[in-house]
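The values are calculated or read from the model by the stated rules, or taken from the named source; none is laboratory data. All values reported here derive from a predicted model rather than from experimental measurement. A quick note on method: Cβ atoms are made from the backbone with ideal geometry, for glycine too, and the neighbour counts reach across all protein chains shown. Ligands, DNA and RNA are stripped out before the accessible areas are found, and what is left, the full protein with its side chains, is counted by its heavy atoms. Shrake-Rupley method; radii C 1.70, N 1.55, O 1.52, S 1.80 Å.
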There are 2 protein chains.
Amino acid sequence: MCISVEHDIVNLIGATNVEIVHIGEERNRIAEAEKAGVKSVPALVTPNGNVLHINYGASMADVKG
Amino acid sequence: MCISVEHDIVNLIGATNVEIVHIGEERNRIAEAEKAGVKSVPALVTPNGNVLHINYGASMADVKG
């Protein structure tokens, strides 16, 4: 997630209730994110599996380079 | 907000911590939303004034018709 959005989400939901994945750095999790339905980042995957794409930052294609 | 996104946000943040505005119905609040920086809906305005645009649904121009 973008840092600003990350802070907003953590403040709203609570740090213990959300897992932060910096997909550009943790590249071994790109496949997992795509399987979850993440099309762009930042995104928030909800407990029931919905994906909220937030403030379109970069496509997964851009992240994968 | 779109109903699905609305439910996700309420589940994550808690119904008492978020005000739901259906901007297509509460047209007298369009100006307030635009002033807050809402460019498209659904969107979440955080306590510190940031705007998280979620799953780009419709532009404010579309809402205003």
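Within the accessible surface of chain A, defined with a 1.4 Å probe on protein heavy atoms only, the carbon and sulfur portion equals 52 percent. Rolling a 1.4 Å probe over the heavy atoms of the protein chains gives segment B:1-60 an accessible area of 56 Å² per residue. At a threshold of 20 Å², the residues of segment A:1-36 that become less accessible to a 1.4 Å probe in the full protein assembly than in their chain on its own are A:8, A:12, A:13. Each other copy holds its own label point for residue A:27; taking that point as 7 Å from Cα along Cα to Cβ, the gaps run 5.2 nm, nearest first. Over all Cα pairs of chain B, how is the pair count split among 10 Å bins, expressed in % and running from 0 up to the last occupied bin? Histogramming chain B at 10 Å steps yields 22, 59, 19, 0 percent. From helices alone, chain A scores -9500 deg cm²/dmol at 222 nm; the rule is -39500 (n - 2.57) for each run of n ≥ 4 DSSP H residues, then divide by the residue total. For chain A, the relative contact order works out to 29 percent when only alpha carbon pairs closer than 8 Å and six or more residues apart are counted.
Sorted from closest to farthest, the other copies place their residue A:57 label points 2.3 nm away, with each point set 7 Å from Cα along Cα→Cβ. Principal axis extents of the C-alpha atoms in the protein assembly as shown (largest first, rounded to whole Å): 48, 29, 25. Taken one residue at a time, the phi angles of segment A:46-60 give Karplus couplings (6.51, -1.76, 1.60, θ = phi - 60°) of 7, x, 8, x, 6, 10, 9, 8, 10, 6, 1, x, 8, 6, 4 Hz. Gly and Pro are set to x.
Partners of residue B:64 within straight-line reach, counting aspartates and glutamates whose Cα lies under 12 Å from its Cα and excluding those fewer than 8 residues away in the same chain: B:25, B:26, B:34. How big is the dipole moment of chain B about its Cα centre under a simple scheme where the beta carbon of each Lys and Arg is +1, that of each Asp and Glu is -1, and everything else is neutral? Debye, nearest 20, please. Roughly 200 debye, rounded to the nearest 20.
In loop segments of chain B as defined by DSSP, the GluC sites (Glu not before Pro) with at most 11 further C-beta atoms inside 10 Å of their C-beta are B:19, B:25. When residue A:10 is represented by a point 7 angstrom out along its Cα-to-C-beta vector, the spacings to that point in the other copies are 2.9 nm, nearest first.
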